[in-house]
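The values are calculated or read from the model by the stated rules, or taken from the named source; none is laboratory data. This is a predicted model, so every value here is computed, not measured. Counting neighbours? That spans all protein chains shown, and the Cβs are built from the backbone with ideal geometry, glycine included. Each accessible area value is taken on the protein alone, full model and side chains, heavy atoms only, with ligands, DNA and RNA left out. Shrake-Rupley method; radii C 1.70, N 1.55, O 1.52, S 1.80 Å.
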Amino acid sequence: MAAMTPMALNQAVDRLNTQGRYLEALALAGQLEGRERDTCSEMLVQINCSEAEYNLGRWGAAWERLRGLDPIAAMFPIARAGLAQQRAWIAAHTRRPDEALRQLGRADLRDLPRPYHAEHYFTAAVASLAAGRLDDARRHALSAADLAIRTSSRRNALFIRARVAAAQGDWARAESLCRTAASHSYRAQGGDGLVLWGDALMRLGHPDEAWEAWELAIERDPQSENARFAAERLQTVTVS
């Protein structure tokens, strides 16, 4: 079988990520080692592999994978924006809000293809949440929902809005948005949103339904860090 081109390899890694097959994505990306590279596609492979790493809970490895890529990424707008955006996402989830906002400021929306504009605002929303800027987070989450084109983006916009609602203490709204997201036609990934759904249901006094939400996180996003979080919650909750 002929080796995949870097462009085809990047598309395959991205597709595996969207299916929640993070380990397979990282294994496939190993084909680039020791080969001639299309520099833009190679940058995108590394950015997508970073996503696979942090979905597995390897936040440090995700950050390190992006180290030293700036000189080459600077030559390609989509890689430049994707690199900054990925770093912003990681920083926001590793309690570095100032770094998250700094990296976000380096990601130019105009450098991204239109179908990925929603993801820019997802990142802006989580960076704002990390910084405690709840009004900004809500505004960015609504912008993401308005701009969502891909099926996965439309589902993920619901979960992002739910994260904002939870941060604002509106657990009923968070639960409603998570419930709608969970019933969306796009069912892959989403472990973080499903864990949040369970947490919201517990807050609202519905442990039986919370149990079901956490089980769903394990079923739909089994390789993810959030599947492990869900399993831990299941061990601590007694249902009737």
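A compact table of results
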| quantity | calculated |
| --- | --- |
| Percent accessible area from carbon and sulfur atoms, segment 146-228, protein chains only, probe 1.4 Å | 48 percent |
| Rounded accessible area of residue 135 (nearest 10 Å², 1.4 Å probe) | 120 Å² |
| Distance (nanometres) between label positions extended 7 Å along Cα→Cβ at residue 70 and residue 106 | 0.5 nm |
| Whole-angstrom gap from segment 103-152 to segment 35-91, using each part's C-alpha centre | 18 Å |
| Bins of 5 Å from zero: percent of alpha-carbon pairs in the chain | 1, 7, 13, 17, 20, 17, 11, 6, 4, 2, 1, 0 |
| Rounded FRET efficiency, nearest 0.05, which uses the C-beta distance separating residue 231 from residue 146 and R0 of 35 Å | 0.50 |
| Gain on full stretching of the segment that runs from residue 135 to residue 215 - 0.36 nm per residue minus C-alpha separation | 25.6 nm |
| Sites matching GluC sites (Glu not before Pro) across segment 1-90 that sit in DSSP coil, with at most 16 neighbouring C-beta atoms within 10 Å | 33, 36 |
| Two-site FRET efficiency, residue 208 against residue 170, from Cβ-Cβ distance with R₀ of 25 Å, rounded to 0.05 | 0.65 |
| MRE, 222 nm, helices only [DSSP H, n ≥ 4, -39500 (n - 2.57), over the chain, to nearest 500] | -22000 deg cm²/dmol |
| Segment 93-152 - charge dipole about Cα centre, Lys and Arg +1 at Cβ, Asp and Glu -1, debye rounded to 20 | 60 debye |
| Sites residue 27 and residue 3, calculated FRET efficiency, Cβ-Cβ separation with R0 22 Å, nearest 0.05 | 0.95 |
